[in-house]
Amino acid sequence: MKCLIVAAGQGSRLRDKGPLKPLVPIRGRPLVAEVIDRARRGGVDEFVIVNGYRGGELQVALDGMAECEGVRVTHVHNPAWDRANGVSVLCARPFLDGAFLLTMCDHVLDPGINRLMASLPHRPDSVTLGVDYDVARMLNDPDDVTRVRCRDGRIERIGKSIDDFNAFDTGIFHCTPAMFDALESSQAEGEDSISGAMNTLARWRRAHVCDIGGRLWIDVDDPVAYDKAERLMAQGAL
């Protein structure tokens, strides 16, 4: 299975850890390498990585890693990297014509989450988001995490500002090309984000959810989250 990784943004909140977020070292290896390794352990055998900010530098680093570890990587450049993340996903459309996983370069997931998402049954014309129903566990910043309102295995609404939520978006999706159709539709309405596309899919009744259970995940988006991730990884909990 292929995995699309969004690695285009500037990552300014981690600037004190390194000049380029995907290459920030965590436990002795680049953050994006940790994401790739965990996806491989979940069954992914090929990657499409969208770069943007300092994209040439990231591509050189990834090519060196891919050669050493035997990883198949296709690079896609997003010149509009300062826009929302859905623009990066849409840039990768020519390289993905079947089912694929989608994740972010800064989301460190228990490998079991990757295995779970990769093993989901194929749902044509639909997208499934891995969700965490343990909203009381404050591992991720509650003011920054993307919230989801789910019912009967489907998404009703997703966004950072909704109040009546019952799950968190873990940042991993099992996609079909329906994701690209939804992105085109939502972007035509002025919404560039992945969440915007998922709200479009929800209106089409094509946005499903998968419960990750008690597995851990963390969005390594700022120094506080970075320190939590390092500690959990050192303990073997993540």
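Return yes when Val89 is open to solvent by less than 40 Å² (accessible area, probe 1.4 Å) and either closer than 14 Å to Trp217 by Cα or free of Cβ contacts under 8 Å to residues at least 40 places away in the same chain (or both) and no when it is not.
Details: open to solvent by less than 40 Å² (accessible area, probe 1.4 Å): yes; either closer than 14 Å to Trp217 by Cα or free of Cβ contacts under 8 Å to residues at least 40 places away in the same chain (or both): no.
No: the conditions fail for Val89.
Residues that are in contact with a Phe, Trp or Tyr (Cβ under 8 Å, 6 or more places away or on another chain) and either among the hydrophobic types (A, V, I, L, M, F, W, C) or open to solvent by less than 30 Å² (accessible area, probe 1.4 Å) (or both): does segment 211-220 have at least one?
Within segment 211-220, one or more residues are in contact with a Phe, Trp or Tyr (Cβ under 8 Å, 6 or more places away or on another chain) and either among the hydrophobic types (A, V, I, L, M, F, W, C) or open to solvent by less than 30 Å² (accessible area, probe 1.4 Å) (or both).
Might you check whether a residue that is in a strand (DSSP E or B), in contact with a Leu (Cβ under 8 Å, 6 or more places away or on another chain), at pLDDT 95 or above and buried (at least 23 other Cβ atoms within 10 Å of the Cβ) occurs anywhere in segment 137-157?
So the first thing to find is which residues in segment 137-157 are in a strand (DSSP E or B), and the list is 147-151, 154-157.
Cutting the leftovers down to in contact with a Leu (Cβ under 8 Å, 6 or more places away or on another chain) gives us 148, 155.
Retained after the next criterion (residues that are at pLDDT 95 or above): 148, 155.
Those left that are additionally buried (at least 23 other Cβ atoms within 10 Å of the Cβ): 148, 155.
For segment 137-157, residues in a strand (DSSP E or B), in contact with a Leu (Cβ under 8 Å, 6 or more places away or on another chain), at pLDDT 95 or above and buried (at least 23 other Cβ atoms within 10 Å of the Cβ): present.
Just to check your reading of the model, which residue among Val131, Val71, Val108, Val76 is assigned to a loop (DSSP other than H, G, I, E, B), open to solvent by less than 40 Å² (accessible area, probe 1.4 Å), touching a strand residue (DSSP E or B) at 6+ places or on another chain (Cβ under 7 Å) and among the hydrophobic types (A, V, I, L, M, F, W, C)?
Val71
Cβ-Cβ distance below 6 Å, separation of 6 or more or different chains: which pairs start in segment 3-28 with a residue that is without any contact (Cβ under 8 Å) to a residue 40 or more places away in the chain and open to solvent by less than 70 Å² (accessible area, probe 1.4 Å) and end on one that is outside any loop (DSSP other than H, G, I, E, B) and among the aliphatic types (A, V, I, L, M)?
Matching pairs, first to second residue: Leu23/Ala61.
Would you say Gly171 is buried (at least 18 other Cβ atoms within 10 Å of the Cβ), assigned to a strand (DSSP E or B) and touching a His at 6+ places or on another chain (Cβ under 6 Å)? Steps first, please.
Values: buried (at least 18 other Cβ atoms within 10 Å of the Cβ): yes; assigned to a strand (DSSP E or B): yes; touching a His at 6+ places or on another chain (Cβ under 6 Å): yes.
Yes; evaluated as a whole, the condition is true for this residue.
Any chance you could count how many residues in segment 114-155 are farther than 26 Å from Asp227 by Cα and without any contact (Cβ under 8 Å) to a residue 12 or more places away in the chain?
3
Quick check on segment 180-198: of everything there that is assigned to a helix (DSSP H, G or I) and open to solvent by 30 Å² or more (accessible area, probe 1.4 Å), which residue is farthest from Asp97 (Cα to Cα)?
Ala188
Of (1) modelled with pLDDT of 95 or more; (2) under 23 Å from Gly9 (Cα atoms); (3) not polar (S, T, N, Q), Trp204 satisfies all except one. Which?
(2)
Looking at Met233, is it touching a Lys or Arg at 6+ places or on another chain (Cβ under 6 Å), in contact (Cβ under 8 Å) with a residue 40 or more places away in the chain and either surrounded by fewer than 21 Cβ atoms within 10 Å (Cβ to Cβ) or in a helix (DSSP H, G or I) (or both)?
Values: touching a Lys or Arg at 6+ places or on another chain (Cβ under 6 Å): yes; in contact (Cβ under 8 Å) with a residue 40 or more places away in the chain: yes; either surrounded by fewer than 21 Cβ atoms within 10 Å (Cβ to Cβ) or in a helix (DSSP H, G or I) (or both): yes.
Criteria met by Met233.
Check segment 45-61 and report whether any residue there is touching a Cys at 6+ places or on another chain (Cβ under 8 Å), of a type in the set (S, T, N, Q) and either surrounded by fewer than 23 Cβ atoms within 10 Å (Cβ to Cβ) or not in a helix (DSSP H, G or I) (or both).
No, every residue in segment 45-61 fails to be touching a Cys at 6+ places or on another chain (Cβ under 8 Å), of a type in the set (S, T, N, Q) and either surrounded by fewer than 23 Cβ atoms within 10 Å (Cβ to Cβ) or not in a helix (DSSP H, G or I) (or both).
So, in segment 112-128, exactly how many residues are modelled with pLDDT under 95 and either closer than 24 Å to Asp222 by Cα or surrounded by 18 or more Cβ atoms within 10 Å (Cβ to Cβ) (or both)?
0
The values are calculated or read from the model by the stated rules, or taken from the named source; none is laboratory data. Only a predicted model underlies this, so the values are computations on that prediction, with no experimental measurement involved. Note: ideal-geometry Cβ built from the backbone for every residue, glycine included; neighbour counts use all protein chains shown. Just so you know, the surface numbers come from the protein's heavy atoms only, side chains and all, with ligands and any DNA or RNA stripped out. Shrake-Rupley method; radii C 1.70, N 1.55, O 1.52, S 1.80 Å.
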